[in-house]
1. With an 8 Å cut-off on Cα pairs and a minimum separation of 6 or more residues, tell me the relative contact order of the range 476-592 in percent.
2. Given the pairs K253/K293; K293/K779; K137/K364; K119/K186; K34/K253, which span a C-alpha to C-alpha distance of over 29 angstrom in this model?
3. Convert each backbone phi in the range 73-90 into a coupling constant with the Karplus relation 6.51 cos²θ - 1.76 cosθ + 1.60 (shift: θ = phi - 60°), then list the ³J(HN,Hα) values in order as whole Hz, x for Gly and Pro.
4. Under a 5 Å amide H to amide H cut-off, with H placed in plane at 1.01 Å, what residues pair with L516 once short-range neighbours are removed?
5. Rounded to whole Hz and in sequence order, give me ³J(HN,Hα) for the range 431-439 from the Karplus expression 6.51 cos²θ - 1.76 cosθ + 1.60, θ = phi - 60°, writing x for Gly and Pro.
6. How high is the relative contact order of the chain? Use alpha-carbon pairs under 8 Å, at least six apart in sequence, and give a whole percent.
7. Tell me the relative contact order for the range 588-698 as a rounded percent, counting alpha carbon contacts under 8 Å between residues six or more apart.
8. What percentage of all Cα-Cα pairs in the chain are separated by more than 48 Å?
Amino acid sequence: MRAIWVLGLLFFPCLKTFAQLIDINGKVADKQGKPAAFTSIWIDSNNDGNITNENGEYLLRLKPGRYQISFRNTDYEPLVKDIIVGDKPARYDIELSPKTPNDIVQSAADSITSKVITKRRNYKAQLPAYSGHLYTKALQQLDDAPKVFLKNDITHQLNLSIDRKGIISLSESIARFHTRSTDYIKEQLDAAKLTTNSEAFGFNSAAELHVDLYENYLVFNGLCDHAFLSPIASNAHAFYRYRLIRKFTDQGKQVDEISVQPKHKNEHLFSGTLYIIEGDWLLYGVDLHLSQKAHIDFIDSVHIRQQFVPVTDSNWIPQTMNFNFYGKLLGFKYNGYFLQVYQEISTDTTTKRGSYREVFHSSKENYQKDDSFWSQNRPVPLLPREEHFYQLTELAERHKKDKTLADSLQNTNNHFHLIPYLFNGYTLHNYKNNSSWTFPSPYNVVFYNTVEGYGADLKIKYTKIYDNQRTLNIIPDARYGSSDHTLNTNVFVNFTYNPYHQASVYGRVGSDFLDLNNTGTISPFLNSLSTLLLGNNYIKLYQSKFIMGGTDGEIADGVLLNGQIEYAERRSLFNTTMHTLTRDSIFITSNNPLDPNGNMPLFPAYRALIFRGSATFTFDQQYRITSAGKFILPNPYPRVRINYREGIPALGSNVTYNFVSVDVFQDRLNMGIYGYTSYFLSAGTFPNTKNLYYPDYNQFAGGQSFFFNASLGSFHFLNFYTYSTYKTYFEAHAEHNFTGLFLSHVPLLNKLNLQEIVGGSYLTQGTLPQYEEVYFGLKRTVIRLDYGLAFGRFSNRIQGFRLSYNL
C-alpha cells in the first residue's frame, strides 16, 4: 500500500488581483472560546469562501462592500453574519452557538432517507458542470514511537521532539478544477509545496481521494481492497438503521440531522450523521466514521466530514471535505488529515457531459514556487508547528545544495548495512549526477541447479535520471556455474526518452541460460531450495547467444505499441550434476521436460530471427500528468492486447512460423462491498508452423511448486512445460476476492482481517486433454494461502496447498 497521506485546511481563490482585495480575518469559536476547527465559510453572492484552520482562524480577501457570510460547522448551529468590508483590513471574531435539541418524530428518518435515495438516482445527471479553484493540504504526524526503532540520531533527522512526536510530512497545493458532474473532475495544478518526493501520488488531488456519497459505493485506493456502502445507496436500508435526532434551519432551509448506524457489526459500513435538506432532499453535510469493524487496513479509524453549499437554488455541492485518520502499528502511533476546499465556483450549462481523459496535470515549475508566492496566496495562516516544519525542511534542502554537506549526506546514505543488504540488496547513490548503482542481495545471486551446479548470477543495475525524468538503465550480467564451467555474459540497456508517452528504446546482447518457459516458473532461489532439499529440480534451461532491440510507447491515449527484433543461436542443455542434500538423486529429472527420464536433447541447435509485436488498448483511459511522467489510472473496462510473433527464414535463421494471440484482462473490477473480480482470457494460434522448435512454442504460467506466482494469468498446479503448444489454444482465469465479506461475521477470525478468495482456470491447447482447476484461499496483507483441485491429463486429480510469494 502506498503510504497514507492526508492534507487539508483551506483554500484559496487562486491568483486573484490582490491589489483590489482587503484582508478580513478573525477566529471562530464557541462561547467558552473553544476554537471551531475547520468551519466552512461561504458567501452565496459570489460562490466563494474559505475554511478555518485547527485553531479556528480564518482569512478572507474581499473587495470593499457588504457581504452576508455563512458559517457552518456540524458541531454548532449555523450562523449568518453581515460584514462590511472597507478600504482597510479588519478583524471579525465569530461566536457559534451549541446545537439546540428539539422535539421530533422518531419514525420519520426512514421516510426522509428514502426520499434522498430516490432523488439521488437522477440528481447527479441533472447537476450542471462547474469549475473553480481547489486548495488542498495534507499532514501526517507521529504521536509516539518505540525508542528501539527511533534512536536519538534518527529522531533528530526526522525533526521530531525528544519524546518522538511531530510532523513527518506536510504538503499543500492550489489548482484550477473543472467538473462535468461529481464523478468527473479535471485539475490543472498551479502550485504545490511538498516536503517529500510525492509528485506522482500523495492525495494531492481530488481524484485520488474522491468522497461522493451519491454513489452507491465509496472506494479509497490504498486504504483497503474493498469498497464501503454509502448510507444513501440504493440498497442502504437493508444495511443501515436511521434515527432522526433533531431539526434546524439554515437560511430558510429546514435541515434534518439523522443518526446512521450499521444493522450488523463487522461489515463495510459507515456510522455517524447525515444532514438532509428537507424539500430538496439533498445532502447538507455528513459526519461519518469508519472503524476497524469496517475492515480498514493499516489504520484504526477514519473520520470524514463534508459541508455542502448552494451554487444554485436547487443544487448543493461539497465545499469542504475533511478526511482524518488515526492508527497504530508495532508501537508507532500516528494520525493525519486530508482536506479539500473548493472556491470561486461558477456553473456552466454549456459544457458537454462525460469523462475527462487527463484528470490531473502538473509540471516541474508548479513545485518551485517560493515563500513569497505562498505567503501571498495561502488563504489561512499556518500553525506555528507547521511553519517550523517547513523551515526545517527548507534548511535541509539548502544543505543538499552545499557541496560539503551534500557529500556528507551522500556518505551517510551510502553507508553499507549488512542486514538490509541480505534482504533488499544495496544501492550506492551519486547525488551530484543523479545516478545510482544497485547490487542484488545474496539470495538473488547464488543458486544451484542440475545444469550448472552451484553458481552465481550477478546483475548490477546502473540508473541515471536526466531532465524531464528521462531515464537510462544499464544492467550488465555475468553468470557462472561450477559444474558445467560455462560463463555467460550479457548487458541490457533501456532508455526512457518520453515518460509522458511511456516511450523507450531497449536492447540486449550477449549469452545467457534461459528458462524454457518464457513466462517464468519459479525463482532461482526457490528452485535451489527445492532441488537441494526435496529433489525437485523444476527449472529447465537452454542457452541462447543473442542480440535484441526494441521500442515501445503510446501512439495515442490508450494505445500502447511494442516492437522487437531478435537474432539468436539456441542449444539444448543437459544435467551435469545430480547432487541433493536430503533426498536420493533418483528424484532428479533430466533437463528435457518432455523426456524426464531420458537424456535426449529437447531440440537441435538452431538459429532464429524473430520479430515480436504487440498493441495494448485501454478503453476510456484516464491518467495523471506530473513532472515524473504519465500515470494510468485504473478503470472498470477490460484491456485488450494483440500479440504477433514471426520466425523469419533469413540470415541463416532456421525457423519459419507465425503466431498471433489476443488477451483480454482486468486486474480489478470493483464489485462494491462484495469485493473485486480479476480475469484473464487468452486465445491464440499458429497459422504457419513450417519450422519451429520448443522455445518458439506458446508457453503457459504453470504452478508445480508449493510456492506459486499469484499474478493474473497463472495456474496453480499446471506442469511448467508439458502443456506448451504450437497449436491453437484457449486459456481462461477468473478470480474473486470477497475482501472479508464472510469471515467478518465469524468471531475471533474477524479480528484477523482475512480476505476470502475463490477462483478457477481452464486450458485447452490442441495436443493434450483439457485442463481445469478450482481453488479457494485466504489472504492477509502480503500473505496468501490457497487450496485447490486440478483435473487434466493425469488419471487422478491433483490437490494441495499453494503459498503465494509474489503479490
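1. Working: 220 pairs, mean separation 26.9, N = 117.
After rounding, I find 23 percent.
2. Violating the 29 Å Cα-Cα cut-off are K253/K293.
3. Taking θ as phi minus 60°, the curve returns 8, 5, 7, 9, 6, x, 9, 10, 10, 8, 10, 9, 9, x, 9, 10, x, 9 Hz for the range 73-90.
4. Close amide H contacts, sequence-distant or interchain: K540, L541, Y542.
5. Each residue of the range 431-439 in turn: 6, 5, 10, 6, 9, 7, 10, 10, 10 Hz.
6. The value is 9 percent.
7. 22
8. On the way: 100629 of 325221 pairs.
Summing the P(r) of the chain above 48 Å gives 31 percent of all pairs.
The values are calculated or read from the model by the stated rules, or taken from the named source; none is laboratory data. Source: prediction; values computed, not measured. Because the Cβ atoms are built from the backbone with ideal geometry, glycine has one as well, and the counts that use them run over all protein chains shown. These area figures cover heavy atoms from the full protein model, side chains too; ligands, DNA and RNA do not enter into them. Shrake-Rupley method; radii C 1.70, N 1.55, O 1.52, S 1.80 Å.
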